[in-house]
1. Might you let me know whether the stretch 213-232 holds any residue that is part of a helix (DSSP H, G or I), over 24 Å from residue 154 (Cβ atoms), within 21 Å of the chain's Cα centre (by Cα) and at pLDDT below 95?
2. Given the options 6, 60, 52, name the one that is within 28 Å of residue 121 (Cβ to Cβ), aliphatic (A, V, I, L, M), under 17 Å from the mean Cα position of the chain (by Cα) and modelled with pLDDT under 90.
3. Based on what the data block shows, is residue 58 touching an Asp or Glu at 6+ places or on another chain (Cβ under 7 Å), in the same structural domain as residue 122 (by TED's automatic domain parsing) and not aromatic (Phe, Trp, Tyr)?
4. If we only count helices (runs of 4 or more DSSP H) wholly inside the stretch 47-164, which ones have 3 or more residues that are loosely packed, with under 15 Cβ neighbours inside 10 Å?
5. So residue 63 ticks every box in (1) without any contact (Cβ under 8 Å) to a residue 40 or more places away in the chain; (2) in contact with a Pro (Cβ under 9 Å, 6 or more places away or on another chain); (3) not β-branched (Val, Ile, Thr) but one. Which box is left unticked?
6. Taking the condition of being assigned to a loop (DSSP other than H, G, I, E, B) and surrounded by fewer than 14 Cβ atoms within 10 Å (Cβ to Cβ), how many residues in the stretch 8-43 meet it?
7. Please determine whether any residue of the stretch 182-201 is in contact (Cβ under 8 Å) with a residue 60 or more places away in the chain and either not small (Gly, Ala, Ser) or not assigned by TED's automatic domain parsing to the domain that holds residue 116 (or both).
8. Kindly list the number of the only condition in (1) under 29 Å from residue 135 (Cβ atoms); (2) touching a residue at least 40 places away in the same chain (Cβ under 8 Å) that fails for residue 77.
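The values are calculated or read from the model by the stated rules, or taken from the named source; none is laboratory data. Here the structure is a predicted model, which means the values were calculated and not measured. Because the Cβ atoms are built from the backbone with ideal geometry, glycine has one as well, and the counts that use them run over all protein chains shown.
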Amino acid sequence: MRISVVFTWDLPLAKRLKTAWGAHYQDVQIGGPAVGDPGGVFVPGRFIKDGVTITSRGCVRSCPWCFVPKREGKIRELEIHPGWIVQDNNLLACSRKHIEQVFEMLRQQKKGAVFSGGLDTRLLKEWHRELIDTIKLHELWFACDTENMIDQLTRTAKIMDGIPNKKRRCYTMIGFDGETLCQAESRLEKVFELGFFPFCQLYQGEERKEYSKPWRDLQRKWARPAIYNSKQVAA
């Protein structure tokens, strides 16, 4: 029996589950990101839903809010398993050969691809767009977690021109490193104006942080397109 834990604040619950299941199973282990698991080979369907695939581990970045480099290290390309939901931390940091092989796999899928792991705007090139145009596409995900990432998102908007806004999604973390409520709201509005649907997330470190109601309200609004998107978008 294996218990995978994503958030450190869920470890007490995981330990209670281990004790409870230990009465019925001889081998019960706790793992996952919350305990610093570096991630090994990807096994389709293990701990995650059908359709998800992970073709690489790690990241070339060292963002101060992100635990991936410390846990998984630099980029490691894995065996490519079929799936339409690509959950790599930084697919675009992989070799061109690997990326092209991932898209070859995606061309064989019946469902539109979802790049929910996120595509690094700083690494995005025109040839990536050419590959995107060869597959069925459901959603592209990018990130704009600080004000200084707006310029890269602006460049990305140009490369992604012609793709409907509702397929262009953007993780937008708020509340990190002293950011004010007004600054966060302004950045969210810029992301939306650039033609991306923001998915707002409140910053959390190793210890769970409680936010005031104005922060929670802002996050709720900008995590739901049905709330903030008052205009009809292209189908």
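1. yes
2. 6
3. When the stated conditions are applied, residue 58 passes them.
4. Filter on the stretch 47-164 gives 96-106, 126-132, 150-159.
5. (1)
6. Kept after step one, since they are assigned to a loop (DSSP other than H, G, I, E, B), are these residues of the stretch 8-43: 23-28, 32, 36-43.
Now narrow it down to the ones that are surrounded by fewer than 14 Cβ atoms within 10 Å (Cβ to Cβ): 23-27, 36, 38, 40-41, 43.
Here the count works out to 10.
7. Narrowing the stretch 182-201 to residues in contact (Cβ under 8 Å) with a residue 60 or more places away in the chain: none.
Within the stretch 182-201, not a single residue is in contact (Cβ under 8 Å) with a residue 60 or more places away in the chain and either not small (Gly, Ala, Ser) or not assigned by TED's automatic domain parsing to the domain that holds residue 116 (or both).
8. The one condition residue 77 does not meet is (2).
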